[in-house]
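Report on the following structure.
The values are calculated or read from the model by the stated rules, or taken from the named source; none is laboratory data. Because the structure is a prediction, the values reported are computed rather than measured. Don't worry about glycine lacking a Cβ; one is built from the backbone with ideal geometry, like all the others, and counts go over all protein chains shown. Note: accessible area is taken over every heavy atom of the protein model, side chains too, but ligands, DNA and RNA are not part of it. Shrake-Rupley method; radii C 1.70, N 1.55, O 1.52, S 1.80 Å.
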Amino acid sequence: MKTITLIKGDGIGPEITDAVIKIINASGTAIDWDIQTAGADVIETEGSPLPNRVIESVKKNKIALKSPVTTPIGKGFRSVNVQLRKELDLYANLRPCYNLPNVKTRYDKVDIVVVRENTEDLYAGIERQIDNNTAESIKRITRGASERIAKFAFDYALNNNRKEVCVVTKANICKLSDGLFLESARNIASNYPQIKFREILVDNCCMQLVQNPNQFDILLLPNLYGDIVSDLCAGLIGGLGIAQGANIGSDYAVFEPVHGSAPDIAGLDKANPTAMLMSAIEMLNYIGEQDSAKRIKLALFETLNAGIKTADLGGNAKCSEFTDAIIDRLAVLAKN
Ligand code: ATP
């Protein structure tokens, strides 16, 4: 049986985690979950929102499924998400965005994969206060990290039958930093003649995304633009409740929804577990459990098609009711 680290987080984290584990159990896939708590709730007892045991657990098991974790603002703690990505060198943030059945949006047939560099840019945390009225943040871009993420995007394109990689920068303004990211992408693109390569400025990209998202295939972005554009893409397909994600490095992979811990609805049985479930489905594919991944996805899609939806998607099902409906369909699929 495979052991996988399960990071439960806080806010709606525990509810959506429990829902997803129930669904995976019902699919018949046996996983030994190494449960690790993190976030605001463990600071009091362990002195940090990301105790070392969590990192050690992922290092041992190689794969983790993670729900949202809140980092308290202004208490001197580094973001748990940023720290986890850094410590495990999870350099690629992968966010596939496509329409789900019976989830009404302004756009049809969106099928975009956002590949975001995860380790540097303004997220390197290099900031200084010059005086009371002036602060600086350093935008750090290196050739090594830029070529590594570009290679990831092109390899992903090859392995997943994608046609085009579009690199997104502001290289006309940030000539050196974004210029280096762009130059690195161009260098790597020349090794993949079978994949089309396109370049776009981030402001134009945002406008094009809301005018005609169907023109895009894979988007390759530095860290900050990647963060912003991937939320925009989540909006194209129906919002944060359904947007899946993964952080992948050479040695480890952590699968997690795009959304945060949504404290406004925590504990109310209102959260949509779909984003977490879609992330778990990708995790199952990643560990070679394609059959169960396929069945769970089918059960999820049938549930949505039957009009059973949580409030964020305009439905009236509670998180627990939506979960039970998926489990009921899994049982029917198992019999057929
Ligand atoms: P963070 O800074 O951690 O990303 P945030 O407050 O900016 O947190 P979220 O926690 O993702 O963002 O929440 C943004 C909004 O989306 C909230 O109104 C929240 O209730 C809603 N939301 C997020 N995730 C879900 C979900 N799974 N189901 C339903 N609503 C959600």
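Go through the range 171-184 residue by residue and turn each phi into a ³J(HN,Hα) via Karplus (6.51, -1.76, 1.60, θ = phi - 60°); whole Hz please, and just put x for glycine and proline.
Rounded to whole hertz, the list is 5, 6, 10, 8, 5, 7, 6, 5, x, 5, 4, 5, 4, 4.
In Å, what Kirkwood hydrodynamic radius results for the range 105-237 from the alpha-carbon pair distances?
Numbers: mean 1/r = 0.0650 Å⁻¹.
Final number for the Kirkwood radius of the range 105-237 is 15.4 Å.
Taking amide H atoms as placed 1.01 Å from N in the peptide plane, list the residues 5 or more away in sequence, or in a different chain, whose amide H sits under 5 Å from that of residue 255.
64, 65, 66, 247
Based on the alpha carbons, how large is the Rg to Rh ratio for the chain when Rh follows Kirkwood?
0.96
Heavy atoms only, 1.4 Å probe, whole protein assembly: order 255, 152 by accessible area, highest first. Walk me through the numbers before you get to the answer.
Numbers: 255 5, 152 35 Å².
Listed by decreasing accessible area, they come as 152, 255.
To the nearest 10 degrees, how steep is helix 223-236 against the longest Cα principal axis of the chain, on a 0 to 90 scale?
40 degrees
Using Cα positions and a limit of under 27 Å, work out the lysines in reach of residue 309, with same-chain residues fewer than 8 apart set aside.
Answer for residue 309, where 27 Å is the Cα cut-off: 8, 22, 66, 104, 109, 270, 294, 297, 318, 335, listed by chain and number.
Rounded to the nearest 5, what is the percent of antiparallel bridges among the DSSP beta bridges in the range 121-214?
Numbers: 5 of 11 bridges.
Bridges in the range 121-214 are about 45 percent antiparallel.
Could you check what % of the DSSP bridge pairs in the chain are antiparallel, to the nearest 5? Each step should come with its number before you reach the end.
Working: 18 of 44 bridges.
Here the antiparallel bridges make up roughly 40 percent for the chain.
Can you list the trypsin sites (Lys or Arg not before Pro) in the range 109-166 that are in a DSSP coil and have 16 or fewer other beta carbons within 10 angstrom? Write out the running numbers ahead of the final one.
Working: sites: 109, 116, 128, 139, 140, 143, 148, 151, 162, 163; in loops: 109, 139, 162, 163.
Sparse-neighbourhood loop trypsin sites (Lys or Arg not before Pro): 109, 163.
For a quick check: with amide H placed at 1.01 Å from N, whose amide H comes under 5 Å from residue 140's, ignoring anything fewer than 5 positions away on the same chain?
Answer set, sorted by chain and number: 121, 122, 124.
Roughly how big is the chain's charge dipole about its Cα centre, with Cβ charges of +1 (Lys, Arg) and -1 (Asp, Glu), in debye to the nearest 20? Present the calculation step by step, with values, prior to reporting the outcome.
Working: 38 positive and 41 negative charges, 152 e Å.
It comes to approximately 740 debye.
For the chain, take the longest principal axis of its alpha carbons; what is the angle in degrees between that and the long axis of helix 13-26, to the nearest 10 within 0 to 90?
60 degrees
In debye to the nearest 20, how big a dipole does the range 18-82 give about its Cα centre with +1 on each Lys and Arg Cβ and -1 on each Asp and Glu Cβ? Walk me through the intermediate numbers first.
Values: 8 positive and 7 negative charges, 56 e Å.
Its charge dipole is roughly 280 debye.
Leaving ligands, DNA and RNA out of it, rank 292, 250 by accessible area with a 1.4 Å probe, largest first. Provide the component values of the computation, followed by the final result.
Numbers: 292 5, 250 95 Å².
Result of the area sort, largest leading: 250, 292.
Out of 27, 11, 137, whose Cα points farthest toward the positive end of the dipole of the chain (charges: +1 Lys, Arg; -1 Asp, Glu; placed on Cβ)?
Of the candidates, 27 comes out farthest on the positive side.
Please identify, among 23, 149, 195, the residue showing maximal mean-square fluctuation in a Gaussian network model of the chain using a 10 angstrom Cα cutoff.
Greatest mean-square fluctuation among the candidates belongs to 195.
Hey, what angle do you get for helix 202-211 against the long axis of the chain, alpha-carbon based, 0 to 90 degrees rounded to 10?
Taking the Cα atoms of the chain, the angle to 202-211 is about 40 degrees.
Can you give me the long-range amide H partners of residue 97? Hydrogens built in the peptide plane at 1.01 Å from N, cutoff under 5 Å, separation of 5 or more residues or another chain.
112, 113, 114
At a Cα cut-off below 20 Å, give the lysines reachable from residue 139, other chains included and same-chain residues fewer than 8 away excluded.
86, 170, 175
Placing +1 on the Cβ of each Lys and Arg and -1 on the Cβ of each Asp and Glu in the chain, which of 40, 261, 334 has its Cα farthest towards the positive end of the resulting dipole?
Sorting the options by dipole projection puts first 334.
Taking only DSSP H segments of four or more residues, each worth -39500 (n - 2.57), what value at 222 nm results for the chain once the sum is divided by all its residues, to the nearest 500 deg cm²/dmol? Intermediate results must be reported in sequence, preceding the final value.
On the way: 11 runs with 139 residues, N = 336.
Mean residue ellipticity at 222 nm (helix-derived): -13000 deg cm²/dmol.
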